[in-house]
Every structure is written in structure tokens, then in C-alpha cells.
Amino acid sequence: MTYRGPAEVMNRPRITHARRRPRRTPSWWRDAIGVLCWVTVLVVVALWVSGRGFQNLLSGPADLLTSLGRLSGLVAADLLLVQVFLMARVPMIERSYGQDELARRHRLVGFWSFNLLLLHIGLILVGYTLRDHNDLVHETWSVVTTYGGMLLATAATLALTLVVVTSVRAARRALRYESWHLLHLYAYLGVGLSIPHEIWTGADFTTSALARTYWWSVYGVALGAILLYRVALPLWRTLRHGLTVREVIPEAPGVVTVLLGGRGLHRMPVQAGQYFVFRFLDGPGWSRGNPYSLSASPAPDRLRVTAKTAGDGGSRLARVRPGTRVAVEGPYGRLTAERRVTERVAMFACGIGITPLRALLEELSYAPGDAVLVYRAHDAGDLVFREELEHLARVRGITVHYLLGPRIQGRKSWLPVGAEAWSDEDAVRRAVPELELYDVYVCGPDRWMDALCAAVLTAGLPAGQLHQERFSW
């Protein structure tokens, strides 16, 4: 199962320093955040009830539909704000969930919010049509053109529809990351454009001081979170640490490493396994951020990232020149030492997924013989950091297995061609005997990770000892 060959000599500075003590995220943070999200929904429902929402259900068909339309619109607006908080990069939320899980929850909450928005529009229009004894087309035109803020609300609906449509998996596959990210920013425009019609025509705003206080408060906190954590904090860290490109090193076919220097990096709360969103300030396209994991344990004066050169972001990374200034957002991610619960570690990497795991192997504490790395690649030429990994294996007693070859056709497996005789679970047990005594870290393409994670859990690993983070968008 283990492939060995002559180690490549790579001309680069060795990044070594004392390993850091991991920061622990309080376990109650996650529960508190979830409870708070549900509390906001309950508050909105309570405000609707206090505004005679329930009584109006018994006042005839028109009032029934209008009242339900109010409720669905209020909950939709509240869930829209929950979406904003989930992706506002609030450290407490980020550290409790991690960006991959936050992205999934953001998408789920978004679809619920959007469906409730459509229900709100439909119920309100039909309710008004019954009340005014009008036809639906003329009533819709009257509402849009004569009610305060409705033209802006219509624009908000169109912006949110664009965001939802481009969030569907098929649409995401057809778009470049940079294009998808730009389109996704229209969600903020949708939130902003929806506010005037709530102020001018919303029954809660116009009749209830308590409701006005609640909504102005949550809108203000949401805006503050965005300005603080998406704008001010990244700008402050960029100016404070003054990151610049020191060296660009071809790593393997289609892979490049970039060394970044800066000042006071020991004050940056970053751990091995995390990633930043980088913007290289070297000309047109500088505003497009791309997420890259650290490929070495962070040093007091240096960071290192390694990525594929495919796509707009990767090709730009390959062309960047020493001396280029770099803007950063982050650090983000939970694929770190703080999630560890045992003394032993096993790393499963595929392709460029080796980058955060290589940094973790350098930073984590473990005894000789208590760490295993299984590295899957198409062929020996695609092995990234081979010389460094074998140096770590010699110095720190890591067992390294290379699995080389194309994927097995017609089978959802993490194994390469040539290993068809093994089941996925048996291969895991063979690579990592006594699997239940290990923390397992996994990084690679989504389908490969799906197969590997299913195999390790089936092989007997407790779920709390499996650590993964998805970087797909």
C-alpha cells in the first residue's frame, strides 16, 4: 500500500517554530447561537400576535389571507437577517460552526426565507384583491405603483431572486467563483431595498412602537456586524500586518506556493489548518478575493499558501510578483488542533487537499508513531510537498502512505485503480490500525471526501473524532 521513491530536493526556506497551544471554542457558543436564531423567529411571531394577527384570521377570507401574508413576510425578513449574521464572519459564529457548515445553513435558511417571501407576496395580493373586489392583475399594479416603497420592494425581490437562482447547484457549477461571489452580494442590496416598504406600509412599523424598536435594533446590529467583521477588521489586519509577497515557487504541475512576509504575525490569531481570503493588490482584478489554506504552520514573520493555478484566481496567483502587497480577510476555518480529542492523529488527503493537513502535521503535538498520513494522488508527479512530508516522517515519526493512480470507475470509492479488491472500510483499517484511537482529519475533493468519510465511520471511528471542512462554494 505504501509507495516510496527518491525525494525531490526543493529549494525553499524551511518554516519551523514552536508549536502553538490551540484556542478552545466554548462548546456552549454553538447552542447559544442556535437558540438565539429560534428566539428571533418567536419574537416576530409574538409581535404579529400582539398586532391582532391572530384575531384577523377570524375576520373573513380577505383578512385571513392578509394576516397570514403579514406573518410569512415578517418571518421571511427575520430569516433574511439570520442569513446575514451567518455569513457576516462574526468570530463567535465562525469558530462555533466553521464556514462549510455555515454555508450549508445559510443556503437552507435562504431557501426558506425566499419561499416565505413568495408566499407573503401571493397571500397579500390575493387578500387585497378580495378586499377591494378587484382582479389580481389590476390589484398588483395598484399595490406596486401606489403603495409607499413598493417599487423598491419589487427591485429587492428581483435581486433576491437572482441570488437564489445562482445558488442552485447547477448554476454554481456553470459560474466562476468570482462571478458567483459578485452576484451573491446582491443579497445585501435586496435587504436594503426591502426596508422602506416595511417602514412606510408595514402594519407592525406603523402601529407598534415595540415592533419598530425590535426591527430597528436587529437591522442596526446586522449592519454593524457587516461593517465591523466584513470591512473594518479585514482592513485593520491588512494595514497592521502589511503582508507582501516574498517568493513564488512552482510546486508541481499546475500547483504554486507563495511565501508571504509581514510584521507582527505572532499577534494574528491564526492556527494551522485555517485559511484566509487573499486579494493581491497588483492591478486589475485586485478586488476579487480567493480562499487559500495555509500550507505550513504560521510563523511570527511569515505565512505560506499553496494552490492550484487553474481558474482565474489560481492563474493570478501564479503570476503574482515578489513585493506585491496583499489584503487579507480571516483567518477562517475549524480544521484545527482545537477539535482534537485523542493523542493520535490520522490525515487523509487527496490532491491539493494536502495543504492544510501538511500544516497540521507540522504544528500538532504527537509522539513518534502516533501520526499517519494517507496521501492520494493521480501519479507521483502530482505529489505536493513530498520532500517536506518525508522529512517530517523522518524527524517526527510519521507513517506516510502514498496511494497513486486514477479513480476507480463505476464505484464511489476513495481508493485508486489497482485497489478494487479492497473495500473502502478494509483499506482504512489497513492504513490506520486501531482507528478508534485516532482523530481523523480529511481534506480533498467533495466526492472523494464523501466516500472517505463514509468509510472511516463504517470502519468504527466515533463521529466526534472525524474532522473535515469543505471549501466548495
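Among the candidates LEU364, LEU357, LEU392, which residue alone is within 15 Å of ALA296 (Cα to Cα) and surrounded by fewer than 22 Cβ atoms within 10 Å (Cβ to Cβ)?
Answer to the selection: LEU392.
Inside region 87-98, can you point out the residues that are of a type outside the set (A, V, I, L, M, F, W, C) and open to solvent by less than 40 Å² (accessible area, probe 1.4 Å)?
Correct list: ARG89, GLU94, SER96, TYR97, GLY98.
Can you say whether LEU435 is of a type outside the set (Ser, Thr, Tyr), open to solvent by less than 10 Å² (accessible area, probe 1.4 Å) and over 19 Å from HIS467 (Cβ atoms), as far as the supplied structure shows? Judged against the criteria, LEU435 is not a match.
Residues that are part of a loop (DSSP other than H, G, I, E, B) and in contact with a Leu (Cβ under 9 Å, 6 or more places away or on another chain) were ranked within region 295-321; the one that is surrounded by the most Cβ atoms within 10 Å (Cβ to Cβ) is ALA296.
Looking at region 338-352 only, could you name the residues that are crowded, with 22+ Cβ neighbours inside 10 Å and within 30 Å of ALA88 (Cβ to Cβ)? If the condition is that a residue be crowded, with 22+ Cβ neighbours inside 10 Å and within 30 Å of ALA88 (Cβ to Cβ), then ILE352 is the only one that fits. Listed by first and then second residue, the pairs with beta-carbon distance under 7 Å, at least 6 apart or on different chains, first residue in region 60-86 and buried (at least 21 other Cβ atoms within 10 Å of the Cβ), second among the hydrophobic types (A, V, I, L, M, F, W, C) and not in a helix (DSSP H, G or I), are SER67/LEU57. The helices (runs of 4 or more DSSP H) found wholly in region 202-294 and carrying at least 1 residues that are at pLDDT 85 or above, among the polar types (S, T, N, Q) and open to solvent by 40 Å² or more (accessible area, probe 1.4 Å) occupy 209-225. What single numbered condition from (1) open to solvent by 30 Å² or more (accessible area, probe 1.4 Å); (2) under 25 Å from GLU469 (Cβ atoms); (3) among the hydrophobic types (A, V, I, L, M, F, W, C) fails to hold for VAL144? It fails just one condition, (2). Could you figure out which of (1) open to solvent by less than 40 Å² (accessible area, probe 1.4 Å); (2) within 30 Å of TYR332 (Cβ to Cβ); (3) touching a residue at least 12 places away in the same chain (Cβ under 8 Å) isn't true of GLU101? Every condition holds for GLU101 apart from (3). Among the residues making up region 450-464, those that are open to solvent by less than 50 Å² (accessible area, probe 1.4 Å), touching a helix residue (DSSP H, G or I) at 6+ places or on another chain (Cβ under 8 Å) and assigned to a helix (DSSP H, G or I) are ALA451, LEU452, ALA455, VAL456.
The values are calculated or read from the model by the stated rules, or taken from the named source; none is laboratory data. The structure displayed is predicted, hence computed values, not measured ones. Glycine gets a Cβ as well: all are built from the backbone with ideal geometry, and neighbour counts include every protein chain shown. Just so you know, the surface numbers come from the protein's heavy atoms only, side chains and all, with ligands and any DNA or RNA stripped out. Shrake-Rupley method; radii C 1.70, N 1.55, O 1.52, S 1.80 Å.
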